[in-house]
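Read the structure below first, then the notes.
The values are calculated or read from the model by the stated rules, or taken from the named source; none is laboratory data. Note that the coordinates shown come from a computational prediction; the quantities given were computed from them, not determined experimentally. Neighbour counts are summed over all protein chains in view; Cβ atoms, including those assigned to glycine, are modelled from backbone coordinates with ideal geometry. Surface accessibility is based on the protein's heavy atoms, side chains included, excluding ligands, DNA and RNA. Shrake-Rupley method; radii C 1.70, N 1.55, O 1.52, S 1.80 Å.
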Amino acid sequence: MKAEFVVACATTCPLIALAFCYIYPLLVDFSQINKTHCHVYNFLPSVSATISYNPLTSFFWFMLILIHTPFRFILAKYLHDFYKKQFSHKIPEDYVPFAYKTDYLKLTTVRKQIFFAYQINKVEIIGLFILSMFTSNSNYDMHKLGFCTYLISASMFKILVLSIESRLKIEKLPNCYDVRKKLAITFALSFILAICLFTIHNSNCVNYGNYFILHIIFLNQI
């Protein structure tokens, strides 16, 4: 299976699902979908609210996430195999001269990072699947579990991938370290800001579309 096709399926399905779940409720019932738990003004609805708006949006979102999930696993395997191939050169494990001791330790460390990154990436995909299967209206506890699993594993995965990419750059191997670094910084800043907005909104019910801004940040993380 071509990598281009896998990437297209893994990215297109969630985008189509998100577009439908946002546009349909806005056209059908704009005022109702924009209501928040503390009844403050909101620019646009939250992602969770649009997905769980009615059985149609919930089913449409879940089906496209279900379709895209196998391709996400394939993509994760492709990335794992690529990293593994880049660090496939061997240093004898039974006898490592002192001069190569540091290189040997660095190689074993990055190989462990590649393994753990692959496992965490799979947990991230499962987290997204769980939060999609259980909407905030149908089963809030499971939805929250999936959402927390997704965000935590996604954060860990980005840290590990950035470390692996930095090693590729040092070794002068094919890499996208600079792009990964910018994405990781954006992710970290948006994650911190999202936590601050979430806390402020739930404790003080701040106006000015704070709830909408919060979910735009979450979308950026996704």
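Among all residue pairs at least 6 apart or on different chains, which show Cβ distances below 7 Å where the first residue, located in segment 1-28, is in contact (Cβ under 8 Å) with a residue 24 or more places away in the chain and the second is not in a helix (DSSP H, G or I)?
Within 7 Å, the pairs are PRO25/PRO45; PRO25/TYR53.
Could you check segment 160-172 and list, in sequence order, the residues that are open to solvent by 50 Å² or more (accessible area, probe 1.4 Å) and closer than 14 Å to ARG111 by Cβ?
If the condition is that a residue be open to solvent by 50 Å² or more (accessible area, probe 1.4 Å) and closer than 14 Å to ARG111 by Cβ, then GLU171 is the only one that fits.
Only one of these is hydrophobic (A, V, I, L, M, F, W, C), closer than 19 Å to HIS80 by Cβ and in a helix (DSSP H, G or I): PHE115, PHE147, PHE191. Name it.
So the residue among PHE115, PHE147, PHE191 that is hydrophobic (A, V, I, L, M, F, W, C), closer than 19 Å to HIS80 by Cβ and in a helix (DSSP H, G or I) is PHE115.
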